[in-house]
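Worksheet for the structure shown next.
The values are calculated or read from the model by the stated rules, or taken from the named source; none is laboratory data. Computed from a prediction, not measured in an experiment: that's the story for all the values here. Note that we place each Cβ from the backbone using ideal geometry, even for glycine, and neighbour counts take in every protein chain shown. Please note that ligands, DNA and RNA were not included when accessible areas were found on the heavy atoms of the full protein model with its side chains. Shrake-Rupley method; radii C 1.70, N 1.55, O 1.52, S 1.80 Å.
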Amino acid sequence: MHTKLQNVIVDIQQNLDFSGTILVENQEKAALVNQSFGYANRSEQIENNTKTRFGIASGCKLFTAIAICQLIEKGKLSLDSKLSDCLNHHFKHLDEQITIEHLLTHTSGIADYFDEEEMENFEELWVENPMYQLRTLRDFLPLFQDRPMKYRVGERFHYNNAGYILLGLVVEHISGMNFSDYIQKNVFDPANMKESGYFSLDSLPSNTAIGYIDNPDGTWKTNIYSLPVKGGSDGGAFVTAKDMSRLWHALMNFDLLSEAVTTQLLTPHVEMNESDSYGYGVWIKKNSDQSILKYHVMGYDPGVCFHSAYYPDCSTKVVVCSNKSSGAMNIMKGIEAALLSAQTL
């Protein structure tokens, strides 16, 4: 299996010029693949390695969902809690019926600050809203807090970053802690994610990959002017591939939440089609017999792409981190096809 995966990855990497780190671990935490390609710093020709930290964009909505579920488990919040009862901020148009569960499942109907149905380029946001001013969750509020509702509450799934900013503010309000500090203490530390964190782009720690945006003519630029300075509850954490594997292990072994609450987080709450659904902060893909193929998260930003999955049938964890805008999906698909073909032999 190790050789087959290696061959699949090398073939895809050569076609894509993939830059990043790939980790595939089995149930025994043995690495079937742990390999890096490309440069963490192109200017200095510093290569990515297995301990390089990568931005994961929306891949960390799962961390926010875990934080909310921890507060629910402690009795400080409920899925039915109204957003209006959980925050002190004023929202001119938000429906009073929006609950925590609506926000977790992207069914609140609120307008997003970056609406993927309306905008193609994330960088368009920073023309009128300088990215260097976005360092706290509250800094995001002017981008959406006075916008009218886009849909009725519960009407449909509409992937929504603003909703997860609100969830992060709820975490701050109830816990009395800065959001990133809460995640460090209650998610990263218990999961033994020693290298991960919410780092500012203008003060990155050592061994952190710089994100690169490639132009069609072969030129490139870094993503420092393309993203908020510091990520938050909707995206922007940095992890190593190994740390992300540790997150899956901690979640599936009930180190972060009780078994009952973990099951609730991993239950399909919104169905997209026969095979794809969404839990709390996590995507869920089913087999044709409706059994679970995988739980997975993904994230895309300029200069960032990320995919990671847990396959319950074989307890295998796959992490693909990249410091380019594309490539992770292709690698993920190749690995998944190889894993599934091995299972059916």
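Among the strands (runs of 3 or more DSSP E) confined to segment 264-345, the ones with at least 3 residues that are at pLDDT 95 or above and open to solvent by less than 10 Å² (accessible area, probe 1.4 Å) are located at 304-311, 316-322.
When F18, F54 are screened for being farther than 26 Å from V187 by Cα and within 22 Å of the chain's Cα centre (by Cα), only F18 passes. Flag set for A65, criterion: closer than 20 Å to M177 by Cα, of a type in the set (G, A, S) and either buried (at least 22 other Cβ atoms within 10 Å of the Cβ) or modelled with pLDDT of 90 or more (or both).
If only residues of segment 192-203 that are of a type outside the set (D, E, K, R), open to solvent by 10 Å² or more (accessible area, probe 1.4 Å) and touching a residue at least 12 places away in the same chain (Cβ under 8 Å) are counted, the one that is farthest from G55 (Cα to Cα) is N192. Taking the criterion of being out of contact with any Leu (no Cβ under 8 Å at 6 or more places or on another chain) and in a helix (DSSP H, G or I), the only residue of segment 165-180 that qualifies is S180. Is at least one residue of segment 232-244 open to solvent by less than 10 Å² (accessible area, probe 1.4 Å), of a type in the set (G, A, S), in contact with a Cys (Cβ under 9 Å, 6 or more places away or on another chain) and part of a helix (DSSP H, G or I)? There is at least one residue in segment 232-244 that is open to solvent by less than 10 Å² (accessible area, probe 1.4 Å), of a type in the set (G, A, S), in contact with a Cys (Cβ under 9 Å, 6 or more places away or on another chain) and part of a helix (DSSP H, G or I). Looking at P190, P216 in this structure, which one is modelled with pLDDT of 95 or more and outside any helix (DSSP H, G or I)? Residue meeting the stated conditions: P190.
Residues in segment 16-61 that are under 14 Å from V304 (Cβ atoms), of a type in the set (G, A, S) and not in a loop (DSSP other than H, G, I, E, B): G20, A40, G55, A57, S58, G59. Within segment 93-111, is even one residue touching a strand residue (DSSP E or B) at 6+ places or on another chain (Cβ under 6 Å), open to solvent by 20 Å² or more (accessible area, probe 1.4 Å) and of a type outside the set (K, R)? Scanning segment 93-111, I find no residue that is touching a strand residue (DSSP E or B) at 6+ places or on another chain (Cβ under 6 Å), open to solvent by 20 Å² or more (accessible area, probe 1.4 Å) and of a type outside the set (K, R), so the answer is no.
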